[in-house]
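Novice: A single structure is presented below for examination.
The values are calculated or read from the model by the stated rules, or taken from the named source; none is laboratory data. Predicted model only: the values in this text are computed from it and were never measured. Quick reminder, even Gly has a Cβ in these numbers, built from the backbone with ideal geometry, and neighbours come from all protein chains shown.
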Amino acid sequence: MSDPVLPKARRARGPRRGALVMIAALMGAGGAIRLGLGLQEARAVDPPPAPSAAAAPAACAPGAEPVMPLVQALKAREDRLAAREAAVQDRAQALALAGKAIDARLAELKAAEDRLSAKLTLADGAAETDVARLTAVYENMRPKDAAGVFEQMAPEFAAGFLGRMKPEAAAQILAGLSAEKAYTVSVILAGRNAAAPKQ
């Protein structure tokens, strides 16, 4: 069978259609390439996901190795400061306890001092009462008998009693003493207030 002869218009349409298909395919391929490149650019513009806190040191960029010693040094310094702060707090608590103990001890000492002062005042009052009573006894004795007792006393002790007596009774007792004893007691009596302020 012989080849059918295609009409002229049909023959002319065939190669044009192939060229159109080829151009459409090329345009589609170009669009796909552009689309792929656009997606790549879009990915490059989007920020990368944030690394987790645990992975942060490992995800550092190259050349970031010097950061790790700095982080470790800061952590060591923080640990030292925390230990020092704990020591300061312990010392402050110890000082507070010592202060309370000292305050309690001072309160005890003050109470003991007050009790001792009261006892001394009581003892001084009792001694004063005893001395006043004994002075009255010597005043009421016969001067000759009292002079015999005063002759045996130490001069300072005798001067103390004579200084408390009424002048008339003291004079009679002093007159009954030996001249040497009377002189010594008189000197002591005269010098008792010599050191007292004049004004």
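Novice: Run residue 176 past the list (1) in contact with a Lys or Arg (Cβ under 7 Å, 6 or more places away or on another chain); (2) small (Gly, Ala, Ser); (3) exposed (fewer than 15 other Cβ atoms within 10 Å of the Cβ) and report the number of the one that doesn't hold.
Specialist: (3)
Novice: While we're looking at this one, here's another question. Could you tell me whether segment 179-187 includes any residue that is crowded, with 17+ Cβ neighbours inside 10 Å and free of Cβ contacts under 8 Å to residues at least 24 places away in the same chain?
Specialist: yes
Novice: Considering only residues that are among the aliphatic types (A, V, I, L, M), outside any helix (DSSP H, G or I) and modelled with pLDDT of 55 or more, which ones fall in segment 26-60?
Specialist: If the condition is that a residue be among the aliphatic types (A, V, I, L, M), outside any helix (DSSP H, G or I) and modelled with pLDDT of 55 or more, then 50 is the only one that fits.
Novice: If you take the residues of segment 110-158 that are modelled with pLDDT of 90 or more and of a type in the set (Lys, Arg), which of them is nearest to residue 179 (Cα to Cα)?
Specialist: The extreme case among them is 144.
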